[in-house]
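Visitor: I'd like to ask you about the structure that follows.
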Amino acid sequence: MSLRCVFLGLFLLFNVSGFVARAAPLPPEVLAVLARAHIEPRSLAVWVAPVGSEAPRLAHNADQAFNPASLMKLATSAVALDVLGPTYVWPTPIYLDGELRDGVLHGNLVVQGLGDPSLVVERVQRLLRAVQQRGVKEIRGDIVLDRQAFQIPAVDPGAFDAEPSRPYNVRPDALMLNYKSLTLNFVPEAALKKIRLWSEPALAGVTLPPQVALSEGQAPCGDWRSLLQADWRDRTRPVFKGAMAWICGEKSWPVAYADPASYNARLLEAAWRELGGKLSGKVRDGAVPANRNPWWTWSSPPLAEVLRDMNKYSNNVIAHQIFLSLSLAQQGVGTWEASRALVSERLRSQAGCALESLRIEVGSGLSREERLSAHCLAQLLQWTWTRPWMPELLASLPLAGETTVRRLTSLAGRAHLKTGSLDNVAGLAGYVEGTQPGQRWVVVVMLNDPKAQSETARAVLEALLVGVLRWPPDDSMAPAASAP
C-alpha cells in the first residue's frame with residue numbers, strides 16, 4: 001500500500017478543473033487501498049466541509065450510525081460546556097458532625113462527593129491538608145463519605161473487555177479519588193541484584209512486597225507485565241510470582257485497584273495519617289448530617305481545564321464523571337438515563353442531529369452500543385464553532401503531532417483532532433487548517449471494521465486528512481450540494 005498514491009489521488013480529485021457540482025465520493029485510489037486491505041467501503045464514514053458551511057466537499061456513508069469510540073467525548077464536551085459553562089467547578093463540601101475544640105473534632109468529619117473528576121492523589125492531599133490547617137488535627141470519630149449524588153447500578157469493571165485491572169474500566173463514583181488506581185513502580189538495583197517495588201499512593205491495610213524477582217541471564221523484556229504474574233486474589237497482599245528482566249529498566253504500571261469499593265477509605269485513611277492527622281474511628285460510607293451547612297467546601301479546577309485532561313489523553317473516567325454531572329447539576333442526582341436524555345436532546349435541538357443517528361450510553365465511547373453518524377458529529381462541530389465557549393473546546397483537543405495524534409506529523413500544528421479507538425473501531429474528528437489564509441475544515445472520519453486497528457486502515461484515515469490540506473481555496477469552487 002502506497003500513501004503516495006492515495007495523496008496523489010486526493011490531490012487530483014480536489015484540484016481538477018470543473019469540480020463544483022456536489023460532494024465528492026471516495027477517491028478511486030482510496031477505494032483501491034480499502035480493497036487491498038479487504039475493507040469494504042461501507043465500513044468507512046466521512047464528512048468534510050468548510051467551517052461555517054453545511055455543504056460538504058466530501059461525504060461517504062455520512063448518515064449511517066457508526067460506533068464512534070472516543071469521538072463520543074466531543075459530544076460530552078460540547079454539551080457540558082453549553083450546559084455547565086467553561087468556568088463551572090465541582091464542589092466537595094466538608095461537614096463537621098460534632099464539636100471542634102482545640103484541634104480535636106469530637107464526632108465525624110463528613111466528605112460529600114458531588115462528581116469532581118479531578119481528585120487525584122495530590123489534590124486529595126491538599127484537601128486534607130486544608131482541613132488540618134483550618135483546625136481539625138484529630139478526629140475522635142469517623143471520616144464519613146457521602147457518595148449518593150450518583151445513582152447508578154453496580155457493574156462488573158471487567159464487563160466491557162474482561163480487563164478489570166485497566167484504569168480506563170474504573171466505574172464512576174460521586175466521590176472519585178485518584179481514579180481508584182495505583183501506580184506500581186519497578187526500579188532495578190544493580191548492587192543488590194533485585195527489582196525494588198513501591199506503589200503510589202499508599203493505601204491503608206495494603207502491603208506490597210518490597211521487591212520482585214530478577215530474571216536470570218538475558219531474559220527478554222517483552223510483555224514484562226505478564227511475565228511478573230501478578231496475583232491480586234488477596235487484595236491486601238498482592239503477590240508477583242514471576243520475574244522482571246534487568247534490561248527492562250525502570251517501569252511504571254498503572255492498575256485499577258482490585259477492590260474498588262474499599263479504595264476511597266484506604267486512600268483517605270493513609271493520606272490523613274501521612275499528614276500527621278489522628279483518627280480514632282474508621283473511614284466509612286454514610287450521609288451528610290441533616291439540616292447542617294457545610295463547614296468548608298473544596299473546589300475543583302474549572303471545567304475547561306478538566307476537559308483538556310479528558311480529551312488530550314482520552315480519559316474515560318473523567319468523561320463518565322462529566323457525563324453524570326450533567327444530570328446531577330440539573331436534577332440534583334446523576335443518572336445514566338437522565339444524562340443520556342439531556343445530551344441527546346441537546347444534539348438534536350442545537351446541533352440538528354437526527355434521532356436515528358444517535359445512541360448514547362456512557363458519553364465516553366467506552367461502549368459497544370454507542371452510535372453517531374459522521375454527519376451528526378460534523379453538525380456538532382459546526383455548532384460548536386458558533387458558540388462563545390468554542391475556544392475552550394478547541395484548546396482541549398490534541399494538536400496534530402502531539403499526544404494521541406502524534407503520528408500525524410504531516411499535519412503538525414495544523415489540526416486539532418480527537419481520536420477514537422476500540423477493537424474494530426478507529427476514527428478522527430475535529431478541525432483542520434487549510435493551506436490558504438483563513439481556510440479551515442470540519443473533518444470526521446470513522447472506520448468500523450475488524451481491521452480498523454491495522455496500519456493499513458490507519459493510513460487510509462491519515463491520508464484522507466492530509467488530502468484536505470491539498471484542497472484549493474474556497475473561492476475557486478462553487479458551493480457543493482448537500483451530502484448524498
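The values are calculated or read from the model by the stated rules, or taken from the named source; none is laboratory data. The structure presented is a predicted model; accordingly, all values stated were derived computationally and were not measured. Here the Cβ positions follow ideal geometry from the backbone for every residue, glycine too, while neighbour counts run over all protein chains shown. The accessibility values were calculated without ligands, DNA or RNA, using every heavy atom of the protein model including side chains. Shrake-Rupley method; radii C 1.70, N 1.55, O 1.52, S 1.80 Å.
Visitor: Tell me which residues, restricted to the range 141-156, are of a type outside the set (A, V, I, L, M, F, W, C) and open to solvent by less than 40 Å² (accessible area, probe 1.4 Å).
Guide: Within the range 141-156, Gly141, Asp142, Asp146 meet the criteria.
Yes/no matrix, rows are residues, columns are (1) over 21 Å from Leu347 (Cβ atoms); (2) open to solvent by 10 Å² or more (accessible area, probe 1.4 Å):
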position: Arg371; (1), (2): no, yes
position: Glu392; (1), (2): no, yes
position: Pro398; (1), (2): yes, no
position: His416; (1), (2): no, yes
position: Gln453; (1), (2): yes, yes
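Visitor: Moving to a separate point now. Can you tell me which of Asp102, Asp82 is over 29 Å from Ser367 (Cα atoms), open to solvent by 20 Å² or more (accessible area, probe 1.4 Å) and modelled with pLDDT of 90 or more?
Guide: Within the list Asp102, Asp82, the selection yields Asp102.
Visitor: Look at the range 167-216 and say how many of its residues are assigned to a loop (DSSP other than H, G, I, E, B) and of a type in the set (A, V, I, L, M).
Guide: Start the filter on the range 167-216 by keeping residues that are assigned to a loop (DSSP other than H, G, I, E, B), which leaves 170-177, 190-193, 201-210, 215-216.
With of a type in the set (A, V, I, L, M) added as a condition, the list becomes 170, 174-177, 190-192, 202-204, 206, 208.
Adding up the residues that qualify gives 13.
Visitor: Quick one: how many residues across the range 38-51 are open to solvent by 10 Å² or more (accessible area, probe 1.4 Å), assigned to a loop (DSSP other than H, G, I, E, B) and modelled with pLDDT under 95?
Guide: Of the residues in that region, 2 qualify.
Visitor: Collect the residues in the range 420-467 that are modelled with pLDDT of 90 or more, out of contact with any Phe, Trp or Tyr (no Cβ under 7 Å at 6 or more places or on another chain) and among the aliphatic types (A, V, I, L, M), keeping them in residue-number order.
Guide: Leu422, Val425, Ala426, Leu428, Ala429, Val443, Val445, Leu447, Ala452 - these are the residues of the range 420-467 that are modelled with pLDDT of 90 or more, out of contact with any Phe, Trp or Tyr (no Cβ under 7 Å at 6 or more places or on another chain) and among the aliphatic types (A, V, I, L, M).
Visitor: Oh, and also: Go through the residues of the range 428-445 one by one and say whether even a single one is more than 19 Å from the chain's Cα centre (by Cα), without any contact (Cβ under 8 Å) to a residue 12 or more places away in the chain and more than 16 Å from Ala65 (Cα to Cα).
Guide: yes
Visitor: Let me ask something additional. Residues to consider are Leu208, Leu227, Leu203; find the one that is in contact with a strand residue (DSSP E or B) (Cβ under 8 Å, 6 or more places away or on another chain), open to solvent by less than 50 Å² (accessible area, probe 1.4 Å) and more than 19 Å from Leu145 (Cβ to Cβ).
Guide: Step by step, each of Leu208, Leu227, Leu203 is checked, and only Leu208 is in contact with a strand residue (DSSP E or B) (Cβ under 8 Å, 6 or more places away or on another chain), open to solvent by less than 50 Å² (accessible area, probe 1.4 Å) and more than 19 Å from Leu145 (Cβ to Cβ).
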